[in-house]
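Chemist: Can you keep this structure in mind? I'll have questions shortly.
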Amino acid sequence: MCELNTRCPVPVALLLAGLGFDTQALVRERSGALWSSIARRGVFRHANGQWQKNGGFTELPQQAAIAMAIDAQDRIWLAYANARVGVVAGARARVFGVADGLPDENITAIGTRGDHVWLGSESGLHWFDGARFVAIRVRNAGALRGLWGIVETATGEVWTAGITGIARLT
């Protein structure tokens with residue numbers, strides 16, 4: 001097992017072949033570095049031929065991320081169980097929680113477009129205003145339950161996918 005802040009000698013071929021690993025999410029930085037969330041093992045960053053737990057950021061939770069995304073600023077967004085969202089921006093990492101507007105439940109999806117960051121949870125959709133997360137209110141709140149997919153279009157529409165189906169917000 002790979003320890004925090006140590007280089008992890010896990011070959012890319014083994015990881016991506018799924019031999020003993022349950023990959024939950026993948027994102028790639030503009031630099032080419034790969035972030036992978038492995039169930040029951042955590043989040044790992046692959047750069048320069050080496051794997052490193054949490055990219056070396058001690059601030060990030062040790063658990064696997066449920067979802068990950070990258071935004072236009074090349075920030076890595078990581079969604080976790082228990083009302084936590086991590087963001088890695090260059091050489092800094094931060095974890096958001098309930099005090100930052102997150103619902104007190106699992107964060108299950110992340111969608112980005114430009115500087116917009118959208119989060120899905122078990123009970124709804126949330127938008128990052130640059131400082132904190134704001135819940136999106138709609139007439140049929142049940143339409144945004146159990147989200148697992150979020151896409152914002154070039155025209156500003158937001159599409160979600162969840163346990164109640166697909167929804168479009170205009």
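The values are calculated or read from the model by the stated rules, or taken from the named source; none is laboratory data. Predicted model only: the values in this text are computed from it and were never measured. Every residue, glycine among them, receives a Cβ derived from its backbone with ideal geometry; neighbour counts consider all protein chains shown. Side chains are part of the model used for accessible areas, which takes the heavy atoms of the whole protein and leaves out ligands, DNA and RNA. Shrake-Rupley method; radii C 1.70, N 1.55, O 1.52, S 1.80 Å.
To keep it simple, each residue is scored yes or no on (1) assigned to a strand (DSSP E or B); (2) farther than 21 Å from F96 by Cα; (3) touching a Lys or Arg at 6+ places or on another chain (Cβ under 8 Å); (4) open to solvent by 20 Å² or more (accessible area, probe 1.4 Å).
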site	(1), (2), (3), (4)
H126	yes, no, no, no
A131	no, no, no, yes
V134	yes, no, no, yes
V138	no, yes, no, yes
G142	no, yes, no, yes
I150	yes, no, no, no
G156	no, yes, no, yes
R168	yes, yes, no, yes
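Chemist: Another one. Please go through region 121-170 and give me each residue that is touching a Gly at 6+ places or on another chain (Cβ under 9 Å), among the basic types (K, R) and more than 23 Å from A81 (Cβ to Cβ), ordered by number.
Modeler: Listed by number, the list holds a single entry, R137.
Let's see how each residue does on (1) touching an Asp or Glu at 6+ places or on another chain (Cβ under 9 Å); (2) at pLDDT below 95:
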| site | (1), (2) |
| --- | --- |
| I70 | yes, no |
| A79 | no, no |
| R84 | no, no |
| A89 | yes, no |
| R92 | yes, no |
| V95 | yes, no |
| V98 | yes, no |
| G114 | yes, yes |
| G120 | no, no |
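Chemist: Shifting gears a bit: Need pairs with beta-carbon distance below 6 Å; first residue closer than 18 Å to V134 by Cβ and without any contact (Cβ under 8 Å) to a residue 40 or more places away in the chain and within region 65-89, second among the aromatic types (F, W, Y) and outside any loop (DSSP other than H, G, I, E, B); sequence gap 6+ or separate chains.
Modeler: Short answer, once both residue conditions are applied: V87/W77.
Chemist: Contact list please: Cβ distance under 8 Å, first residue in region 150-170 and closer than 20 Å to D71 by Cα, second residue among the hydroxyl-bearing types (S, T, Y) and open to solvent by 70 Å² or more (accessible area, probe 1.4 Å), pairs at least six apart or on different chains.
Modeler: Matching pairs, first to second residue: G156/T170; E157/T170.
Chemist: Against the condition modelled with pLDDT under 95 and open to solvent by 10 Å² or more (accessible area, probe 1.4 Å), how does G20 come out, does it pass?
Modeler: On the way: modelled with pLDDT under 95: yes; open to solvent by 10 Å² or more (accessible area, probe 1.4 Å): yes.
It is true that G20 is modelled with pLDDT under 95 and open to solvent by 10 Å² or more (accessible area, probe 1.4 Å).
Chemist: Sticking with this structure for a sec: Kindly indicate whether any position in region 94-102 is without any contact (Cβ under 8 Å) to a residue 12 or more places away in the chain and either part of a loop (DSSP other than H, G, I, E, B) or crowded, with 19+ Cβ neighbours inside 10 Å (or both). Reasoning before the result, please.
Modeler: Restricting attention to region 94-102, the residues satisfying the condition of being without any contact (Cβ under 8 Å) to a residue 12 or more places away in the chain are 99.
Still in the running and either part of a loop (DSSP other than H, G, I, E, B) or crowded, with 19+ Cβ neighbours inside 10 Å (or both): none.
No, that holds for no residue.
Chemist: Separate question: Is it true that A89 is over 16 Å from S31 (Cβ atoms) and surrounded by fewer than 21 Cβ atoms within 10 Å (Cβ to Cβ)?
Modeler: On the way: over 16 Å from S31 (Cβ atoms): no; surrounded by fewer than 21 Cβ atoms within 10 Å (Cβ to Cβ): yes.
No, not satisfied.
Chemist: Given the conditions (1) over 17 Å from D74 (Cα atoms); (2) among the hydroxyl-bearing types (S, T, Y); (3) in contact with a Phe, Trp or Tyr (Cβ under 8 Å, 6 or more places away or on another chain), report the number of the one that T155 does not fulfil.
Modeler: All conditions pass for T155, except number (3).
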